[in-house]
Amino acid sequence: MISNHRICFTGSEKMTDVAPRSVHLVVTSPPYPMIEMWDALFCRQAATRKALDNQAGLQAFDLMHRQLDRVWDELYRVLIPGGIACINIGDATRTINGAFALYPNHSRILSHMLGLGFTNLPNILWRKQTNSPNKFMGSGMMPPGAYVTLEHETILIFRKGGKRLFTTREEKINRRQSAFFWEERNLWFSDVWMDLKGTRQKTGRQKLRQRSGAYPFELAYRLISMFSVMGDTVLDPFLGTGTTLFAAAATGRNSKSYELDDAFGPLIKEEWGRAIEQGRQRIRKRFDGHLQFVRDRNASGKAIKHANRVYGFPVITRQETEMIIPLPVAVEQTMPDHFSVTYELPEPLGTGQASAVPKTSKPNPAGQLKLF
Ligand SMILES: C[S@@+](CC[C@H](N)C(=O)[O-])C[C@H]1O[C@@H](n2cnc3c(N)ncnc32)[C@H](O)[C@@H]1O
């Protein structure tokens, strides 16, 4: 099994390299309007610069969103019918003309997407708890001038049209093989995510990362596992450090991505080896988590009726019996900004192994980036 990944270092307002109805899932996070770290990017447009300079907050907010709208318009074109778009966005607070103002980025994007014809599905609140004493805004302990803290971002979830259809025998088998565990469903499909850790450690290219606004690998990994099947194409029109790309590679999906800032190119290339290893560890954690779940369930005396046909372990529902998790092994750069990832597939039971659960604890050779 192979997955292919392509990055275009150009703006995503016109994704000329992406055919209509060719993308199965979008997972992305745009620059956030009215958050200062993104001012310079939005203010490349003179009218936006002028509005901000004039402290015309609502006008600047609207102009920034008009720039993003052009990308959202493209999503409708490139998604297949039944395809899903997940947009991670935080609201902004800012002092404008000496007064407090909140800019509801999530509702502005939501209304534009509804206008395009997308269906909004139940959204997820990603709770980003902070213990910083400075998180409270406004007038301390004196009512009524203090403001509630903004400790969450929203993952907006949209679908283009009705439910996606899986019609051929192969498509139906692939969908069953792409299933997730029952206990993962219970955690992932909750409307508030409290358990996501922040982004990965800062390394050498610290400055670039700091201005990247990266989301955690787990956020992309979950959304891709929840809303696409193996072999699908995942699009990120605002790639940044490559989180969506690496999560797509870890889940056996293909990807296409756009990023305006080509300084991310060398960083992403450098990160591939570590990303493959991270994917393998995440998969190991899924198996370990499931086996622990089975032990706990057995200990509590609750029966588990089904068994996975490939790995042999018990599973709660029939939908999990054909599930497989391909294990990424190595990555190869096939052209500039094109990468191919190869996978190990589990051996079916009865082919000599007691269980096909992969052993990833030993150091693996996957960390190597093979250049052509
Ligand atoms: C919030 S960051 C994305 C972070 C990413 N999710 C990650 O985990 O690293 C937004 C990214 O979009 C890029 N960007 C902004 N406008 C763009 C555009 N019109 N086309 C493509 N990329 C753009 C920025 O350079 C920035 O890297």
With the dipole of the chain defined by +1 on each Lys or Arg Cβ and -1 on each Asp or Glu Cβ, the option from H112, G231, F264 whose Cα lies farthest towards the positive pole is G231
In nanometres, the difference between 0.36 nm per residue of separation and the alpha-carbon distance of L150 and N174 is 4.6 nm
The computed P(r) of the stretch 70-134 puts the percent of Cα pairs beyond 14 Å at 68
Largest fluctuation, I173, I80, I124 only, Gaussian network model of the chain with Cα springs under 10 angstrom, belongs to I173
The rounded separation in angstrom of the Cα centers of the stretch 276-349 and the stretch 82-126 is 34
Quarter of the surface of the C-alpha convex hull for the stretch 301-340, i.e. direction-averaged projected area in nm², equals 4.5
For the pair M1 and A40, the simple spin-label estimate (label points 7 Å beyond Cα toward Cβ) gives in nm 4.2
Per GNM of the chain with C-alpha springs under 10 angstrom, the most fluctuating residue out of K135, K285, K160 is K135
So the FRET efficiency between T167 and L58, C-beta based with R0 = 45 Å and rounded to 0.05, is 0.45
Here FRET efficiency (C-beta to C-beta, R21 to L291, R₀ 41 Å, nearest 0.05) is 0.55
Sorted largest first, the Cα spans of the chain on the principal axes come out in Å as 73, 52, 44
Between D232 and residues 5 or more places away or on another chain, the pairs with built amide H atoms under 5 Å apart involve N254
Violations at 23 Å Cα threshold for listed pairs K135/K197; K50/K256; K14/K128 -> K50/K256; K14/K128
Quotient of Cα radius of gyration and Kirkwood radius for the stretch 4-67, i.e. Rg/Rh, equals 1.08
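Where a number appears in this text, it was derived from the coordinates with a stated rule and is not lab data. This is a predicted model, so every value here is computed, not measured. Every residue, glycine among them, receives a Cβ derived from its backbone with ideal geometry; neighbour counts consider all protein chains shown.
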